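Participant: Quick one: structure below, then a few questions.
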Amino acid sequence: MNIPPVILNAGRKHTATLVFLHGLGDTGMGWAGALNTIKPDYLKVICPTAPMIPVSINGGMAMPAWYDIMSLDENDKLREDSTGVQESVNYLVNVVNGELRHNIHPDRVIIGGFSQGGAVSLRTALTSGIKFGGCIGLSCYLPGDIEDISVPAKSIETPVLQAHGDSDEVVSYARGTKTSDILQKYFSNHKFITYKGMGHEGTLEELQDVKKFIETCCPE
């Protein structure tokens, strides 16, 4: 990663961490301000910035991205670069494991993200075999072909909050609900929230739901 992550330190004793990944073309600063308004004072927030890579759907222009997107066709199983997705999953796991230096174990770390960042977080929760404190997927999807994903045989205990606007013009609401249907087969605690009239964005209502999820999954 080329740019150091934005870190919002806990206001007092640090007992839990949120690692939140931004969407395509954004940076760690993009969500740090909003998350700072809702984080409990025992929570540390880490907002990394993705590396600059050429993105095929944008004519090969380089921008912060967690992986390349080759197609906008949501039915194309090769839409996302699977190697890039896995590299970002590995990066996220490394960030989570880095919190062990502060005596924060994975079950006290919530992973999450918006759009492409949420996609990486869902994939990580599904395939890593790690029980996280929680997983937040906002306006996102499960990248790649589910048939090619190796998932644990038993139910995954990581709590998941997935949220989507029904007017999303970038990641269709249909893809969000399809992802939800898949995740409910593997996660014992999965919640999907629909926001009427919301596009590909975040809202104050959604932030309040994220806040409640954080405080429920990783209470003080």
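Participant: Using the crude model of +1 on Lys and Arg Cβ and -1 on Asp and Glu Cβ, and no other charge, please compute the dipole size for the chain relative to its Cα centre, in debye to 20.
Facilitator: In total the dipole reaches around 840 debye.
Participant: Here's a follow-up. The stretch 152-220: D in µm²/s via Stokes-Einstein (Kirkwood Rh, Cα pairs, 25 °C, 0.890 mPa s)?
Facilitator: Using the Kirkwood radius from Cα pairs, D works out to 189 µm²/s.
Participant: How much of the pair distance distribution for the stretch 1-56 lies past 13 Å, counting alpha-carbon pairs only, in percent?
Facilitator: Looking at the stretch 1-56, the distances longer than 13 Å represent 58 percent of pairs.
Participant: If you average the C-alpha positions of the stretch 197-217 and of the stretch 24-70 separately, how far apart do those two centres end up, in angstrom?
Facilitator: 17 Å
Participant: Note down, for the stretch 93-220, the three equivalent ellipsoid semi-axes (square root of 5 times each alpha carbon gyration tensor eigenvalue), biggest first, whole angstrom.
Facilitator: Whole-Å semi-axes of the equivalent ellipsoid: 23, 18, 12.
Participant: Rounded, prolate or oblate: which fits the stretch 36-93 when a ≥ b ≥ c are the square roots of the eigenvalues of the alpha-carbon gyration tensor, with rounded for a/c under 1.5 and prolate only if a/b beats b/c?
Facilitator: Judged from the Cα gyration tensor, the stretch 36-93 comes out prolate (a/c at least 1.5, a/b above b/c).
Participant: Would you tally the net charge around Trp31, using a Cβ to Cβ cut-off of less than 12 Å, leaving Trp31 out, and scoring K and R as +1, D and E as -1?
Facilitator: Net charge around Trp31: -2.
Participant: Which of the residue pairs Lys44/Lys191; Lys131/Lys196; Lys44/Lys185; Lys39/Lys154 have a Cα-Cα distance greater than 27 Å in the structure shown?
Facilitator: Listed pairs above 27 Å: Lys131/Lys196; Lys44/Lys185; Lys39/Lys154.
Participant: For Tyr42, what accessible area in Å² do you get when you roll a 1.4 Å probe over the heavy atoms of the protein chains, rounding to the nearest 10?
Facilitator: 10 Å²
Participant: How much solvent-accessible surface does Glu169 expose, in Å² to the nearest 10, with a 1.4 Å probe and all protein chains in place?
Facilitator: 130 Å²
Participant: Suppose the Debye formula is applied to equal point scatterers at every Cα of the stretch 1-99; what is log10 I(q)/I(0) at q = 0.25 Å⁻¹?
Facilitator: -1.28
Participant: Here's another thing I want to ask about it. Show log10 I(q)/I(0) for the stretch 62-128 at q = 0.13, 0.17 Å⁻¹, two decimals, from a solvent-free Debye sum over equal Cα scatterers.
Facilitator: Ignoring solvent entirely, the Cα scatterers give -0.40, -0.64.
Participant: State the answer as a single residue: which of Val170, Ser188, Thr203 lies farthest towards the positive end of the charge dipole of the stretch 157-209, with beta carbon charges of +1 for Lys and Arg and -1 for Asp and Glu, about the Cα centre.
Facilitator: Highest projection toward the positive end goes to Ser188.
Participant: Could you give each residue of the stretch 125-132 its phi-based ³J(HN,Hα) in whole Hz, using Karplus coefficients 6.51, -1.76, 1.60 with θ = phi - 60°, and x for Gly or Pro?
Facilitator: Karplus values, whole Hz, x for Gly and Pro: 4, 6, 10, 6, x, 9, 8, 8.
Participant: Over all pairs of distinct alpha carbons, what does the Kirkwood formula give as the hydrodynamic radius of the chain, in Å?
Facilitator: Over the chain, the inverse of the mean reciprocal pair distance is 17.1 Å.
Participant: How large is the dipole of the stretch 126-220 about the Cα centre if only Lys and Arg carry +1 and Asp and Glu carry -1, each at its Cβ, rounded to the nearest 20 debye?
Facilitator: Dipole about the Cα centre, nearest 20: 320 debye.
The values are calculated or read from the model by the stated rules, or taken from the named source; none is laboratory data. What you are looking at is a predicted structure, and each value in this text was computed from that prediction instead of being measured. Every residue, glycine among them, receives a Cβ derived from its backbone with ideal geometry; neighbour counts consider all protein chains shown. When the accessible area is computed, the model is the full protein with side chains, heavy atoms only, and any ligands, DNA or RNA have been set aside. Shrake-Rupley method; radii C 1.70, N 1.55, O 1.52, S 1.80 Å.
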